[in-house]
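A short write-up of the structure that comes next.
Where a number appears in this text, it was derived from the coordinates with a stated rule and is not lab data. Computed from a predicted structure; not experimentally measured. Here the Cβ positions follow ideal geometry from the backbone for every residue, glycine too, while neighbour counts run over all protein chains shown.
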Amino acid sequence: MFFVGKILWLVVQPLSLAFLFKLAAIAAMAFGRRWLALALTSIAAGIMFVTLFTSTGAWALQRLEAVYPRPDLPQPLACMIVLGGAFDLEVTAGRGGMEMNQSADRFIEAARIARLRPEAKILVSGGDGSFSGDYAGDAELAPAFFSAMGVDPDRLLREEASRNTAENVALTKTVLEREGLSNCLLITSAYHMPRAVSLFSAQGVTVTPWPSDYRASGGVRLRLDFTQPTLNAQLTSTALREWLAILRATLAGSSPRLQKA
């Protein structure tokens, strides 16, 4: 299912969909179906326009980010779970060091809290989620990061095998049970939090959501936006992927909490 999900996403992300509709339009034109070709081209253009020139992506992510506001930091804090996805694994492997991506705030926030709550264990969950499986994952890279941030790496617990959120949750549960830990702080991207919490809940694991890595300002409205098409495309792609994952989780019987969205 991991590889099926990867391949499916290559097909259904917005710019891929626009390309496929345009390709279908060319085929329709070749067979003399002009009206069908026009309809398919219009759909492709519509997808492109919404993706590049509206605030739809930021607005859709903002809806998810509003579900779980940050609570007061528990004291004492026994543990925190940090979901992977913060390192650019391919670039890190090629360049060395610790190259991070837009989700780096997951780890930065964990390091900040670790210094405020020195009693807390830090469970980093994340392996190599690439097609090849050739790279060191977030959990493997975590000791060097936390050591550089002044956090004793001996506080770390690592789950290095997971490749997606469902595997994060299932394998993290095993580590928590082995270590006798419960009621951990869960640190992940704010837009990702509803699905992550719902999956932990489905496994019978209680967590305290601590969202990070916000992508929207909190005041985004649906509107035209011609100022940042590249960013709009990125945000729309991220939003569509997360909402499709939520739909899949809902169909599987794990419905994320969305009533505040």
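Once you place label points 7 Å from the Cα toward the Cβ at F31 and S182, how far apart are they in nm?
Distance between label points: 6.0 nm.
Pop the C-beta distance of L20 and D152 into the FRET formula with R0 = 51 Å and round what comes out to the nearest 0.05.
Values: r = 50 Å, r/R0 = 0.99.
Once rounded, the FRET efficiency stands at 0.50.
Do the sum for the chain: with -39,500 (n - 2.57) for every DSSP H run of n ≥ 4, divided by all residues, what is the mean residue ellipticity at 222 nm, to the nearest 500 deg cm²/dmol? Numbers along the way, then the final one.
Values: 10 runs with 136 residues, N = 261.
Mean residue ellipticity at 222 nm (helix-derived): -16500 deg cm²/dmol.
Using packing as a proxy for protection, rank 78-90, 150-162, 58-70, 6-18 so that the peptide with the highest average count of other Cβ atoms within 10 Å comes first. All intermediate terms of the calculation are to be shown ahead of the outcome.
Values: 78-90: 23.8, 150-162: 17.2, 58-70: 20.0, 6-18: 14.4.
Result, highest mean Cβ count within 10 Å first: 78-90, 58-70, 150-162, 6-18.
Let me have the relative contact order for the chain, percent, based on Cα pairs under 8 Å that are six or more residues apart. Mind showing how you got there, number by number?
Values: 448 pairs, mean separation 71.6, N = 261.
Averaging sequence separation for qualifying contacts and normalising by length gives 27 percent for the chain.
What distance in nm separates the simple spin-label points at F226 and R112, each placed 7 Å from Cα in the Cβ direction?
3.7
For the chain, what ratio Rg/Rh do Cα atoms give with a Kirkwood hydrodynamic radius? Before the final figure, lay out each step's value.
Working: Rg = 20.3 Å, Rh = 19.8 Å.
Computed over Cα atoms, the ratio is 1.02.
If each residue of separation counts as 0.36 nm, what is the full-extension length gain between M98 and S42 once their alpha-carbon separation is subtracted?
Working: separation 56, 0.36 × 56 = 20.16 nm, distance 4.37 nm.
Roughly 15.8 nm would be gained on extension.
Mean Kyte-Doolittle of at least -0.5 plus a Cα span of 30 Å or more along the axis: flag which DSSP H helices in the chain meet both, please.
Working: long enough: 229-251 (33 Å, 0.39).
Within the chain the helices that satisfy the rule are 229-251.
Can you order the peptides 191-197, 209-215 by their average number of other Cβ atoms within 10 Å per residue, highest first? Can you show the working numbers first?
Values: 191-197: 25.0, 209-215: 21.7.
Sorting 191-197, 209-215 by mean packing, highest first, produces 191-197, 209-215.
Bin by bin, in steps of 5 Å, what percent of the Cα pairs in segment 1-92 do you find, going until the bin that has the longest distance?
Taking all Cα pairs of segment 1-92, the binned fractions are 2, 10, 10, 12, 15, 14, 11, 8, 6, 4, 3, 2, 1, 0, 0 percent.
So what does the Cα-only Debye profile of segment 79-212 read at q = 0.21 Å⁻¹, as log10 I(q)/I(0), no solvent term?
The Debye formula, applied to the Cα set alone, gives -1.31.
Nothing charged except the Cβ atoms of Lys and Arg (+1) and of Asp and Glu (-1): what's the magnitude of the dipole of the chain about its Cα centre? Round to the nearest 20 debye. Don't skip to the end; give the middle numbers.
Working: 25 positive and 22 negative charges, 230 e Å.
I would put it at about 1100 debye.
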